[in-house]
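Let me begin by presenting the structure, written as structure tokens, before commenting on it.
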2 protein chains.
Amino acid sequence: MSTPTSTRTRSHWGWGFADRFPDGAARANLGKLLGARLGFEGLSVAEPVPLDAATIREPRIQPPSHSAALCSSALTERASHCYGKNYRDLIRAFSGRFENAPDIVARPTTEAQIAPLLDWASSEGVAVIPFGGGTSVCGGVEGDVGDRYRGVLSLDLTGLDRVLELDDCSRLARIQAGATVPQINRALGTHGLALRHYPQSYELATLGGYIATRSGGHYATLYTHIDELVAGTRMLTPSGVFETRCLPGSGAGPSPDRLVCGSEGILGVITEAWIRIQAKPIFRGQASVHFSSFSNAVEAVRAVAQSGLNPANCRLLDPREAALNMVAFDGSAVLILAFESASQPIEALLRQALAIATAYEGRCPDGPRLRTTRAGDPDEGASGGEGAAKSWRQAFLDAPYLLNVCVSLGVIADTFETAVTWKRFAAFHEGVIARVRAAMKEACGMGRISCRFTHVYPDGPAPYYTFLAPARRGAEIEQWMAIKSAAGKAVVDLGGTITHHHAVGRVHRPDYDRQRPELFARALSAARRAVDPAGIMNPGVLIDG
Amino acid sequence: MSTPTSTRTRSHWGWGFADRFPDGAARANLGKLLGARLGFEGLSVAEPVPLDAATIREPRIQPPSHSAALCSSALTERASHCYGKNYRDLIRAFSGRFENAPDIVARPTTEAQIAPLLDWASSEGVAVIPFGGGTSVCGGVEGDVGDRYRGVLSLDLTGLDRVLELDDCSRLARIQAGATVPQINRALGTHGLALRHYPQSYELATLGGYIATRSGGHYATLYTHIDELVAGTRMLTPSGVFETRCLPGSGAGPSPDRLVCGSEGILGVITEAWIRIQAKPIFRGQASVHFSSFSNAVEAVRAVAQSGLNPANCRLLDPREAALNMVAFDGSAVLILAFESASQPIEALLRQALAIATAYEGRCPDGPRLRTTRAGDPDEGASGGEGAAKSWRQAFLDAPYLLNVCVSLGVIADTFETAVTWKRFAAFHEGVIARVRAAMKEACGMGRISCRFTHVYPDGPAPYYTFLAPARRGAEIEQWMAIKSAAGKAVVDLGGTITHHHAVGRVHRPDYDRQRPELFARALSAARRAVDPAGIMNPGVLIDG
């Protein structure tokens, strides 16, 4: 990235940086294109409510004097820490509605500044919401905590952004929770190492957020979730420090790290982690395989996923996604396969995977492409690749920015993602598509849904669905909720998980509550009370109480 | 296995089957060989106290009438469920001391028979110890529960031994917790599938035991712990059923399955699990690399572990282990590398790994050996391979039987295992060896210690140590305890985990308590009370309360 993160202004209502929001004329043109592509008529351009005209309640509490220097109740701070970044969040902020905004935003720059804030919050009955990049798409960071709390403190961790220790012999780094992957990789890059984890949010999201939400990253197989890259964690709870030792593989009791992974802030504030890093890849190869039949493509992916070849990328785009992402326009489904290695050529692996995929009537019009980078080359991160893979990756990173445009144009746009076994997939997929289409038709008159696989396992894929529907201005949230609820209900009814890597937050609670064992919720609540007796940590996500 | 498990008599005091214990003359010869090899003088043969001459207290409780048909208080049942199988367990049973034997042994054959037993135990204050193959080496299944309980019920799960459901499309099977890997693979073998998980205990240990203890299995890299093979679990707690859905990869909250994995019976009785199974390998290849320098060998293994090649086997034997296992007698350390695949040749991978290893002054005198098996061939399980790998594997499976002989000969023999980062390894290894040698010298006058790597990760190895020392008859337990305590203390002091795959139980508690976060213990205790309010489940292992 040519522009350092810190000097660019973030949008006060939408995804990412303000300079990425097109002007009105450009959006009007995009509206014509999008309307024609999707069949949505009469899309018009609206403008966001300026922040100084927004509705936001007055702060209800004052920061404690011992921490006043870290704290702010400025409008910009409170508004920018009010929501995550899903469609509902954006539409509320776009409309100038900053409901349940935090009363205070604290920005510690050292871990030592955090415990006094937690002590104060526990004794004063103030809810504390750990806040990283603010990229939650499931209502994971908002102040909708009910009347039990006197106020809400948003604890912004982005000031804790350093790589504290590097063990290059063991390929491990101790990293503060507020660091982003670009920040981490700038620090590691001089050693030829990198954290290979690039979720769609990676420009902004933080390591602590990844761990708290069990994010899904770079690899389509094997090390898919951040969980697998976590070798040790350090979390500040209201009852003190919870720190595990950095270990390559322990079998001593239930894994404490796995309790931290996915805890969504309810147990404490993750402040550091030991993370498994890797040598930057030198050998890379990729191929795009086109399929006339989506079900053939699915079978091909299953065969690759069960082959043990473990490609770094194994993303299947259905025909609609392939077209939207400009990698195929003939109704083909497209599988993007890629391998990478820092130590040996991967051509044989790529050719083996390709042979498996093409055996299911897949066509590889451009053949495999192989590249060797030199050690001194800059890390390509998530933006590398060529051909279909390059188009796909750029579209992948631009997609959240497109959401801003959709909000302005009156298009409801959101995603949901899951994982399900191969055996269930065909009926699951058909059922999900049918139910979400029906919900869009009822709520919006029409709508489009598409699917890709983001990650694949020997036992099943992780399908990722995108839906787009024309909004009725003023009724967007109700419409969105109807579709989103239908999607969550369908996913869990039909045997999937309510989330593969977006987390639970508030949005997925109703269906998460149906999915998880009731006794696990009881156990987790009890564990939470043991480390957070006053129940101040991010109340409302994941569990009650 | 030619003889079905069920028709062979288990030793009443030692490891495994009674017919594997050599007669007195054979043991005397083994004593001469072992004494000469180890430098232990004057080893003599002792005989086990017959069961009918053993010391065992009378049962303190009667089974509930509703479950009486499942229950027994017969001497053989109570004695055979009294201990696991570490050195201390064997010496106590050999000496006829059955301390804290369970009062009742229940053998359910259906899951429905279990809940009434848990209800009764909760209301009567009876401790319940889930019991699988009885192969715990860390005091995980014994009745040393204190005076708080009126009695102890050992719940033998081996009657729940069936594969209930097979989803071959997704490579998943729903399997009862009391099944052994041989039983499971007999059921799966006709479908060309197998559970590739072969701990040293695999003839006897059960799936539920593997999950409860986070066992380490077949693969040296990637899918090392059973955790990675668990797609869903079902556990009966005193408060009801805890069941997760079978999913290829969920990111919804902290993983409930990961709370079950390693729970060592304190949360409930694991009754079933969905397990990731695999196609039986067809392509296999292996190579043995000899190193004059152990530290060169360690560096070679690190390079292989960080290469991304992920061999199925990557076991490094130090010179003493290589000699004891008869794979090298010239003071070399030996690395056994193996790859396997059900779908494509692995020769290129093996050659790449071999090239990495030999670059560290490794010699591969026999070259790589490649084999292709046909689909109809019987699964080779843990007994396959050729050359050094075959010798090693046979010795690996015989080792626990050798422990029986050691007990009879007055040789203290035990193991401990851990995982530690590559950076720490050299100092760790030196420190552990020095401290355990010093402890053996003080307790026994002398002793031998050796090391192998059982599993390796990009961030560190899992070293496995074996120690042998001459016992003083009658003082064995005190001597063993002195050595074992020194080992556990050294492992945790020097930055390792108290266990990579043997679990915590009672034996590892003091050092586990130093290793795990105090707040994790509090959270786990609270979680336990939420599902087991009376605290009946396997009290004393893992945590207090």
Single condition A:R186 does not satisfy, out of (1) touching a residue at least 40 places away in the same chain (Cβ under 8 Å); (2) among the basic types (K, R); (3) away from chain B (no Cβ under 14 Å): (1)
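Can you go through B:R509, B:R473, B:R448, B:R529 and tell me which one is modelled with pLDDT of 95 or more, within 12 Å of chain A (Cβ to nearest Cβ) and more than 20 Å from the chain's Cα centre (by Cα)? Walk me through it before giving the result.
On the way: B:R509 fails: more than 20 Å from the chain's Cα centre (by Cα); B:R473 fails: within 12 Å of chain A (Cβ to nearest Cβ); B:R448 fails: within 12 Å of chain A (Cβ to nearest Cβ).
Step by step, each of B:R509, B:R473, B:R448, B:R529 is checked, and only B:R529 is modelled with pLDDT of 95 or more, within 12 Å of chain A (Cβ to nearest Cβ) and more than 20 Å from the chain's Cα centre (by Cα).
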Conditions: (1) among the charged types (D, E, K, R); (2) within 30 Å of the chain's Cα centre (by Cα); (3) modelled with pLDDT of 95 or more. A:R363 meets all but one. Number of the miss? (2)
Could you figure out which of (1) more than 7 Å from chain B (Cβ to nearest Cβ); (2) surrounded by 24 or more Cβ atoms within 10 Å (Cβ to Cβ); (3) within 26 Å of the chain's Cα centre (by Cα) isn't true of A:Q278? (2)
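Restricting to the range A:157-168, name every residue that is buried (at least 17 other Cβ atoms within 10 Å of the Cβ) and in contact with a helix residue (DSSP H, G or I) (Cβ under 8 Å, 6 or more places away or on another chain). Can you show your working first?
Within the range A:157-168, the subset buried (at least 17 other Cβ atoms within 10 Å of the Cβ) is A:157-158, A:160-161, A:163, A:166-167.
Those that are buried (at least 17 other Cβ atoms within 10 Å of the Cβ) and in contact with a helix residue (DSSP H, G or I) (Cβ under 8 Å, 6 or more places away or on another chain): A:L157, A:L160, A:D161, A:V163, A:L166, A:D167.
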If you go through the range B:26-40 one residue at a time, do you hit one that is over 27 Å from the mean Cα position of the chain (by Cα), in a loop (DSSP other than H, G, I, E, B), of a type outside the set (A, V, I, L, M) and closer than 13 Å to B:V411 by Cα? yes
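Out of the strands (runs of 3 or more DSSP E) lying entirely within the range A:194-312, which hold 2 or more residues that are not assigned by TED's automatic domain parsing to the domain that holds A:D161? Can you show your working first?
Numbers: elements: A:230-237, A:240-243, A:269-276, A:283-291.
Hits in the range A:194-312: A:283-291.
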Please go through the range B:223-273 and pick out each residue that is facing chain A (nearest Cβ under 7 Å) and of a type in the set (S, T, N, Q). B:T224, B:T237, B:S239, B:T244, B:S250, B:S255, B:S263
Could you list, in sequence order, the residues of the range B:388-422 that are in a helix (DSSP H, G or I), among the hydroxyl-bearing types (S, T, Y) and in contact with a helix residue (DSSP H, G or I) (Cβ under 7 Å, 6 or more places away or on another chain)? B:Y401, B:S408
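Outside any helix (DSSP H, G or I), under 28 Å from A:A173 (Cβ atoms) and of a type outside the set (F, W, Y), is that true of B:H501?
On the way: outside any helix (DSSP H, G or I): yes; under 28 Å from A:A173 (Cβ atoms): yes; of a type outside the set (F, W, Y): yes.
So B:H501 passes the test.
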Name, by its number, the condition in (1) surrounded by fewer than 24 Cβ atoms within 10 Å (Cβ to Cβ); (2) more than 22 Å from B:C138 (Cβ to Cβ) that does not hold for B:G253. (1)
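Looking at B:R369, B:R351, which is the one that is modelled with pLDDT of 95 or more and of a type in the set (K, R)?
Details: B:R369 fails: modelled with pLDDT of 95 or more.
Unique residue meeting the criteria: B:R351.
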Exactly one of A:V105, A:V45 is in contact with a His (Cβ under 7 Å, 6 or more places away or on another chain), aliphatic (A, V, I, L, M) and buried (at least 17 other Cβ atoms within 10 Å of the Cβ), and that one is A:V105
Output the residue which, of all residues in the range B:422-445 that are within 14 Å of another protein chain (Cβ to nearest Cβ) and of a type in the set (A, V, I, L, M), is surrounded by the fewest Cβ atoms within 10 Å (Cβ to Cβ). B:A427
Search the range B:73-92 for residues that are of a type in the set (D, E) and pair each with any residue that is outside any helix (DSSP H, G or I) when their beta-carbon atoms are under 7 Å apart and the residues are at least 6 apart or on different chains. B:E77/B:V105; B:D89/B:Y83
Odd one out for B:L519, checked against (1) in contact (Cβ under 8 Å) with a residue 40 or more places away in the chain; (2) surrounded by fewer than 23 Cβ atoms within 10 Å (Cβ to Cβ); (3) in contact with a strand residue (DSSP E or B) (Cβ under 7 Å, 6 or more places away or on another chain): (1)
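The values are calculated or read from the model by the stated rules, or taken from the named source; none is laboratory data. Every value quoted in this text rests on a predicted model; they were computed, and no experiment measured them. Don't worry about glycine lacking a Cβ; one is built from the backbone with ideal geometry, like all the others, and counts go over all protein chains shown.
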